[in-house]
Amino acid sequence: MKNLFSDVETFKEALQTEVSAQFGRDFEDAYPEERYLALTSLIRNQLGYSWKATKKSVAEHHTKQLYYFSMEFLLGRLMTSNLMNMGVYDVVRQGMKELGMELHDLEILEADAGLGNGGLGRLAACFLDSLASLNLAGNGNCIRYRYGLFKQEIVNDQQVEKPDCWLRLGNVWEVWKPQHAVQVKFGGTLDAYMDQYGKFHSTYHPDFVVKAVPYDMPVVGYHTLTTNTLRLWDAQVDEESVQADNLNHYLNAVSALTANVYPDDSTNEGKELRLKQEYFFVCAGIDQIIRSHLRINPSLDNLSDEVAIQLNDTHPVLVIPELMRVLMDDYNYNWDDAWNIVTHTVAYTNHTIMSEALERWPQDLMRNLLPRLYMIIEEIERRFRWEVDRAGMGYRFGEMSILKDNQVHMANLAIVGSHSVNGVAKIHSEILVNDVLSAFAALYPDRFNNKTNGITHRRWLVYANPQLTDLLKEYIGDSFIRHPDDLRKLERYVDDSELQKKFFEVKRQRKQILADYVKETLNIDVNVDSMFDVQCKRLHAYKRQLMNIMHIMYLYLRMKQDPNFRIQPTTYFFSAKAAPGYKLAKEIIKLIVKVSNRINSDPQVSQYIKVVFIPNYSVSIAEMLTNAADVSEQISTAGKEASGTGNMKFMMNGALTLGTLDGANVEIVEQVGYENAKIFGLKVDQIEAIKRDNSYDVWRIYNSNPKLRMVIDSLTNCTWSENPNEFQLIFNDLMLHRDEFFVLADFDAYLMAHNEVAGWYADKPAWARAMLMNIARSGYFSSDRTIREYAEEIWGLDEVKFTEKQFKEFELSKEDYLLASEPLEV
Ligand code: 26Q
């Protein structure tokens, strides 16, 4: 194997050759795009060797493999993180310098792979990094959307959606695999009969057939040989199946299938195309799993010994009936044996508490689109009912049934057909077991477990914040890159004034990078010595961006009234996309932007407060925001945020959490202690009690709280817009629809919490200490920890095996890889 990255000279020569070969030009004359494409193809080709070695080893040793089925993978940019994981970043950076260019100038040419909405999609991406880095065989299965989630622009103070053409320069990381194409069939009719032995036979006449064609992307681990696969399925015409009379209709239908990511609006509109997408990547993914299993095994009997399938929420839950269909119809298994294989292979992760967000499909739609799967679901339901009756729980069958109210309840199907069901943070898993899914938990107590989310510290710390990484290395070495718990070694130094000073310098550099971006893109001047307070995440009522902006409105109104009322200079950052059809969310964005315009142009107030709404929140924007923050806003209504993962990214970069006791915030305070975070607001049980007593009275709060009244009145008295009806929807939501997410109830506590944070921030040594403590205790939230738990407790994965010789060949040191974490001296 030839390593083109072994030293700077070899690399430079290889790159120049690649540019000439691909584009017929000298490096000096090539366009930046051409240089980018040449560099990335070199990297991609180099990865081919470790990719091959991984595939071979897995097949030879029958290493158990995970398939992570997810409708979303929010990868972001890959070039630099691949270089870092391969351990050749410095060689490449130096080589580029010697060729007269900054690597960074090529890095920014890469489009974010934005194949997802938010937390769930980014979690899938972090998991891929940890799987490969821990030497586990874990593959992703998803759709090759031609457009990512929409791009957001702000026009006339409002969100406008534009297409996200992430494939503009192509996708250099992918490898097209036309030889592995699979037919996927929809609709039509099923002729079924029983033979004399009672065995079921059917002939299917679909009315829509497409070809699923895979594109494979290599997923590199950090300084390991393991290179896994993310398989993205594209839909192509199936020439044999086109019906001549409706060619155009057919072509449009094929093209629509993989056009774009569905935006999550937390309501459940049963859109047929979405269901088609779900079946499309499920059917193709299952077909691939079966074929690759049978290449090295005589039968499917031992499938669950070599394959684990994890369902990222219910979106891929059709895996369960589809695998049943294949086992029974194509491989002649009887129901019980097939069911045994399916339930031992499949596991399900729940990411939602809100019942209105649980996935359901109209039964008619499912029956018409997937007739054979629908029959199988009916049979699953029939047998499940027996099981429930036998267990003496018939009286609770209504809560658990899959088919009811003319709908298919996907979460219930997922639970019945899996051997493991997990929530994504302690509090979330408890709510599932004690409340939302309590009937299931009583029926299947051993099936339920928790896997608190994590993030890859390699992207969110090492890659996104090289300044902080260098400082950490200076104090505690670099073992934390492989063993994130080693960040604890920093605890020894949290009171070291030299470190505190250096840390503030790093923070200021990160603030400057963000401020420069804001100046360049929005032409807003930001004071880097102000406190940076950041809330960036999807816009949802339950996440309460509204409460945040209402607090800012209050501060503004107070300052205008009272020249003696002044605050610690603060810049409030927001970044959030609203689903295109989510009216209230869009109104909240408009409110934030209008308040920001008013405040930023007010000469009295803007020295103390600036408000910045950064458009088009994405992985790349998150990489700038999370490490520039002083304060991390995690203020969802208690009981509503399953976990949150942004909270972890902020923590790892030293920001203090200002948050409610919700999702993983609970575990963040558990790690850092109440003295190193600011927790406020109603807790889950208090909110439950208010709901139970039906005692929430927004008008009483309004009438008794003049501060809040002033803010609410300002929504409709032309303070922020000439049109008094501009924010009627928001007013109505709070005052007429009884403020579902308790903004009014938590408002005062939130004000006080902000006050205390401002006081704290003024005490530099205390503030620095708390920030450093947050970094030191963030190791728990590495997705390495999460993935280890999944691998040991759910999937049963062993490491991929490589020989000494292979390690040598790849210039990796096996000792280095195996090096255990040094004992902690805290
Ligand atoms: C469903 C049907 C039709 C169209 C869209 C959808 C859809 C798409 C995406 C429904 C939900 C999503 C995404 C949900 C999500 O991101 N949930 C978040 O998952 C994170 C990772 O576990 C948690 O940290 C967050 O708390 C949770 O909100």
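The values are calculated or read from the model by the stated rules, or taken from the named source; none is laboratory data. Everything quoted here is computed from the prediction, not taken from an experiment. Backbone-built Cβ (ideal geometry, glycine too); neighbour counts: all protein chains shown.
Quick notes
- Residues of segment 454-493 that are hydroxyl-bearing (Ser, Thr, Tyr) and in a helix (DSSP H, G or I): Tyr463, Thr469, Tyr475, Ser479, Tyr493.
- Ala414 being within 15 Å of the ligand (Cβ to nearest atom), hydrophobic (A, V, I, L, M, F, W, C), surrounded by 23 or more Cβ atoms within 10 Å (Cβ to Cβ) and under 19 Å from Ile380 (Cβ atoms): yes
- Any hit, segment 659-681, residues being buried (at least 24 other Cβ atoms within 10 Å of the Cβ), under 14 Å from Ala749 (Cβ atoms) and touching a strand residue (DSSP E or B) at 6+ places or on another chain (Cβ under 6 Å): yes
- Residue within segment 208-230 that is without any contact (Cβ under 8 Å) to a residue 60 or more places away in the chain, more than 27 Å from Asn139 (Cβ to Cβ) and either surrounded by 14 or more Cβ atoms within 10 Å (Cβ to Cβ) or of a type outside the set (S, T, N, Q) (or both) present: yes
- Taken as a whole, segment 91-103 holds no residue that is in contact with a strand residue (DSSP E or B) (Cβ under 8 Å, 6 or more places away or on another chain) and at pLDDT 95 or above.
- Boolean, Ala629 is among the small types (Gly, Ala, Ser), within 22 Å of Ala125 (Cβ to Cβ), within 16 Å of the ligand (Cβ to nearest atom) and at pLDDT 95 or above: no
- Listed by first and then second residue, the pairs with beta-carbon distance under 7 Å, at least 6 apart or on different chains, first residue in segment 253-275 and over 17 Å from Ala212 (Cβ atoms) and of a type in the set (Phe, Trp, Tyr), second modelled with pLDDT of 90 or more and outside any loop (DSSP other than H, G, I, E, B), are Tyr262/Arg274.
- Residue in segment 146-166 that is within 16 Å of the ligand (Cβ to nearest atom), among the hydrophobic types (A, V, I, L, M, F, W, C) and outside any strand (DSSP E or B) present: yes
- Picking from residues in segment 102-135 that are over 20 Å from Arg44 (Cβ atoms) and of a type in the set (A, V, I, L, M), the one that is farthest from the ligand (Cβ to nearest atom) is Leu134.
- Hits in segment 417-444 - residues which are within 16 Å of the ligand (Cβ to nearest atom) and either at pLDDT below 95 or acidic (Asp, Glu) (or both): Glu430, Val436
- Test for Gln196: is it without any contact (Cβ under 8 Å) to a residue 12 or more places away in the chain and surrounded by fewer than 20 Cβ atoms within 10 Å (Cβ to Cβ): yes
- Qualifying residue in segment 24-45 (condition: within 30 Å of Thr258 (Cα to Cα) and among the aromatic types (Phe, Trp, Tyr)): yes
- Selected residue [surrounded by fewer than 21 Cβ atoms within 10 Å (Cβ to Cβ), aliphatic (A, V, I, L, M) and more than 16 Å from the ligand (Cβ to nearest atom)] from Val342, Val307, Val326, Val346: Val326
- The residue list Ala753, Ala776, Ala766 contains one member that is in contact with a strand residue (DSSP E or B) (Cβ under 6 Å, 6 or more places away or on another chain) and within 30 Å of Phe503 (Cβ to Cβ), which is Ala753.
- Filtered by the rule that a residue be surrounded by fewer than 20 Cβ atoms within 10 Å (Cβ to Cβ) and of a type in the set (S, T, N, Q), segment 136-170 gives Asn156, Gln158.
- As a summary of the residue check, Ile296 satisfies the conditions (1) in contact with a strand residue (DSSP E or B) (Cβ under 8 Å, 6 or more places away or on another chain); (2) more than 13 Å from the ligand (Cβ to nearest atom); (3) of a type outside the set (D, E, K, R) except for the one numbered (1).
- Test for Ser438: is it more than 29 Å from Thr660 (Cβ to Cβ), small (Gly, Ala, Ser) and surrounded by fewer than 22 Cβ atoms within 10 Å (Cβ to Cβ): no
- Val669 vs. criteria modelled with pLDDT of 95 or more, away from the ligand (no atom under 12 Å from the Cβ) and over 23 Å from Tyr463 (Cβ atoms): yes
- Leu318 vs. criteria within 25 Å of Arg122 (Cβ to Cβ), within 16 Å of the ligand (Cβ to nearest atom) and either surrounded by fewer than 14 Cβ atoms within 10 Å (Cβ to Cβ) or more than 22 Å from the chain's Cα centre (by Cα) (or both): no
- Taken together, Glu381, Glu356 contain a single residue that is in contact with a Ser or Thr (Cβ under 7 Å, 6 or more places away or on another chain) and within 16 Å of the ligand (Cβ to nearest atom), which is Glu356.
- Members of segment 308-356 that are over 18 Å from Thr452 (Cα atoms) and of a type in the set (D, E, K, R): Glu322, Arg325, Asp329, Asp330, Asp336, Asp337, Glu356
- Of the strands (runs of 3 or more DSSP E) lying entirely inside segment 536-655, those containing at least 3 residues that are of a type in the set (A, V, I, L, M, F, W, C) span 609-613.
- Selection of first residues in segment 100-126 that are over 19 Å from Asn260 (Cα atoms) and of second residues that are within 16 Å of the ligand (Cβ to nearest atom) and among the aromatic types (Phe, Trp, Tyr), restricted to Cβ pairs under 9 Å at least 6 apart or on distinct chains, gives the following pairs, ordered by first then second residue: Cys126/Trp460.
- Hits in segment 494-532 - residues which are closer than 20 Å to Thr657 by Cα, in contact (Cβ under 8 Å) with a residue 60 or more places away in the chain and in a helix (DSSP H, G or I): Gln500, Phe503, Phe504, Lys507, Arg510, Lys511, Leu514
- Asn647 passes every criterion in (1) without any contact (Cβ under 8 Å) to a residue 24 or more places away in the chain; (2) in contact with a strand residue (DSSP E or B) (Cβ under 7 Å, 6 or more places away or on another chain); (3) away from the ligand (no atom under 15 Å from the Cβ); (4) closer than 25 Å to Ala768 by Cβ apart from (3).
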